[in-house]
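The values are calculated or read from the model by the stated rules, or taken from the named source; none is laboratory data. Model, not experiment: these values are computed from the prediction. When we count neighbours, we look across all protein chains shown, and the Cβ atoms used for this are built from the backbone with ideal geometry, even at glycine. Side chains included, ligands, DNA and RNA excluded: accessible areas come from the protein's heavy atoms. Shrake-Rupley method; radii C 1.70, N 1.55, O 1.52, S 1.80 Å.
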Amino acid sequence: MSQIADARDEVARRAAGRLDGKVALITGGASGIGLATVERFVAEGAKVLFCDLDPRQGRALGERIGETAARLHHRRREDGGPNDGFAIAGRLGDAAVFIPCDVTDAAALARAFAAAQEHFGGLDILVNNAGVGGGEVSIEGCDEALFDRTIAVNLKAVWRGMKLAFPLLRARGGGSIVTTSSISALLGMPGQGAYGASKAGVLQLTRVAAMEGARDLIRANAVCPGGIVTPIIYDSPLMQDGFGKAAVERGLAASQPLPIAGQPEDIANAILWLASDESRFVTGQTVPVDGGLTAEFDSRHRKPLADG
Ligand SMILES: NC(=O)c1ccc[n+]([C@@H]2O[C@H](COP(=O)([O-])OP(=O)(O)OC[C@H]3O[C@@H](n4cnc5c(N)ncnc54)[C@H](O)[C@@H]3O)[C@@H](O)[C@H]2O)c1
């Protein structure tokens with residue numbers, strides 16, 4: 001009898017979403033890794049608020065933060081475009097709500113956290129994912145506005161998100177904070193001074209948040225994606241012309257030990273595990289999801305693919 005009950009429980013467990021009953025806030029959720037994470041979380045039963053730049057902002061952003069900094073934000077973030085958060089939320093139904101929000105705007109980000117309470121009654125998971133980068137050229141070539149904007153989006157807004165999340169997660173008896181860092185935090189990459197420093201900074205914030213949150217069962221972890229096929233690479237607004245997506249896919253497939261191009265879903269899957277209770281004993285950690293890139297001593301030792 002108990003074996004039958006156990007089997008029935010197992011079937012029910014497998015049918016259940018891995019995030020059933022959870023509420024998540026995901027920043028930078030209208031594109032790439034963030035969008036894949038929003039979709040995966042909804043499929044696993046979560047209620048999701050996601051924020052991204054307002055698709056209606058048009059030229060207002062340039063006027064507010066200056067043209068140099070505004071170039072960091074993608075031209076594709078347009079009303080009615082493929083990365084219009086309102087349209088994405090409409091497609092996903094009641095489980096997803098889009099909150100237009102620049103994460104560097106303290107009041108707007110606070111409103112996004114308040115919306116989690118209003119719409120879904122609280123918060124269990126924060127995914128700090130919004131990010132900008134690419135095309136800095138060098139430390140010498142990087143100007144003040146670019147450096148400041150990169151740090152403001154990739155580092156300071158992550159600290160702000162953690163600060164806003166803590167009381168909400170504590171009120172639920174615990175929760176999970178996952179931050180998208182980068183392998184640029186782990187390796188010296190030319191042309192990634194501001195970006196690499198911002199991504200290394202969030203790893204330390206993650207460790208400190210893990211220590212400060214542990215007693216309240218608030219966990220904090222970070223993923224470090226390798227090269228992933230998203231617009232931040234093939235359509236960086238800091239480059240004159242984007243790369244073709246197919247060319248990026250081919251290039252990335254050859255750039256690490258696993259001969260496949262990393263996709264946004266590969267990172268979303270890692271974020272899902274860190275966000276869910278399956279990782280309840282994991283905190284303060286950095287998880288590279290990079291096809292083995294950061295484990296490799298020297299790519300010249302790789303066997304050519306033709307040798308099998
Ligand atoms: N694609 C990669 O190879 C790669 C590698 C390592 C780390 N990452 C990191 O992954 C995260 C997601 O990037 P992606 O690759 O999906 O690129 P992406 O450009 O497709 O997505 C980033 C999203 O963040 C949003 N965003 C930027 N600034 C914002 C702001 N101030 N407020 C709100 N939203 C803002 C953008 O509008 C965009 O929708 C970033 O933190 C990025 O640094 C990406």
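Taking the condition more than 16 Å from the ligand (Cβ to nearest atom), of a type outside the set (A, V, I, L, M), touching a helix residue (DSSP H, G or I) at 6+ places or on another chain (Cβ under 6 Å) and not in a loop (DSSP other than H, G, I, E, B), does Ser176 pass? Yes; evaluated as a whole, the condition is true for this residue. Restricting the first member to the stretch 1-24 and to residues that are within 21 Å of Ala268 (Cβ to Cβ), and the second to residues that are modelled with pLDDT under 95 and β-branched (Val, Ile, Thr), no beta-carbon pair is closer than 6 Å while six or more apart or on different chains. For the residues Gly28, Gly32, Gly66, the requirement of being on the phi > 0 side of the Ramachandran plot and in contact with a Ser or Thr (Cβ under 6 Å, 6 or more places away or on another chain) singles out Gly32. Of all residues in the stretch 56-66, exactly one satisfies the criterion of being hydrophobic (A, V, I, L, M, F, W, C) and more than 10 Å from the ligand (Cβ to nearest atom), namely Ala60.
The listed residues are Ala185, Ala171, Ala197, and the only one of them that is at pLDDT 95 or above and more than 25 Å from Gly141 (Cβ to Cβ) turns out to be Ala171. Among the residues in the stretch 129-144, are any buried (at least 19 other Cβ atoms within 10 Å of the Cβ), more than 25 Å from Gln256 (Cα to Cα) and of a type in the set (S, T, N, Q)? Within the stretch 129-144, none of the residues are buried (at least 19 other Cβ atoms within 10 Å of the Cβ), more than 25 Å from Gln256 (Cα to Cα) and of a type in the set (S, T, N, Q). A single member of Leu53, Leu92 is more than 14 Å from the ligand (Cβ to nearest atom) and touching a strand residue (DSSP E or B) at 6+ places or on another chain (Cβ under 9 Å), and it is Leu92.
In the stretch 296-305, is there at least one residue being more than 20 Å from the chain's Cα centre (by Cα), open to solvent by less than 50 Å² (accessible area, probe 1.4 Å), within 16 Å of the ligand (Cβ to nearest atom) and over 30 Å from Gly45 (Cβ atoms)? No, the stretch 296-305 has no match at all.
Per this entry, Gly291 is not counted among residues that are in contact with a strand residue (DSSP E or B) (Cβ under 9 Å, 6 or more places away or on another chain), open to solvent by less than 20 Å² (accessible area, probe 1.4 Å) and at pLDDT 95 or above. Looking only at residues of the stretch 28-41 that are in contact with a Leu (Cβ under 8 Å, 6 or more places away or on another chain) and of a type in the set (Val, Ile, Thr), we find that the one that is nearest to the ligand (Cβ to nearest atom) is Thr37.
Right, Ala209: at pLDDT 95 or above, open to solvent by less than 10 Å² (accessible area, probe 1.4 Å) and away from the ligand (no atom under 11 Å from the Cβ) or not? It is true that Ala209 is at pLDDT 95 or above, open to solvent by less than 10 Å² (accessible area, probe 1.4 Å) and away from the ligand (no atom under 11 Å from the Cβ).
Residues in the stretch 73-115 that are farther than 23 Å from Gly45 by Cα, crowded, with 21+ Cβ neighbours inside 10 Å and among the aliphatic types (A, V, I, L, M): Val103, Leu109. Residues that are assigned to a helix (DSSP H, G or I) and touching a residue at least 12 places away in the same chain (Cβ under 8 Å) were ranked within the stretch 213-222; the one that is surrounded by the most Cβ atoms within 10 Å (Cβ to Cβ) is Gly213. Looking at Ser184, Ser198, Ser138, just one residue is polar (S, T, N, Q) and outside any helix (DSSP H, G or I), and that residue is Ser138.
Would you mind stating whether Gly284 is touching a Gly at 6+ places or on another chain (Cβ under 9 Å), open to solvent by less than 70 Å² (accessible area, probe 1.4 Å) and at positive phi? Answer is no for this residue. Can you name the residue in the stretch 182-200 that is touching a residue at least 40 places away in the same chain (Cβ under 8 Å) and over 15 Å from the mean Cα position of the chain (by Cα) and, of all such residues, is surrounded by the fewest Cβ atoms within 10 Å (Cβ to Cβ)? Among them, the one singled out is Pro190.
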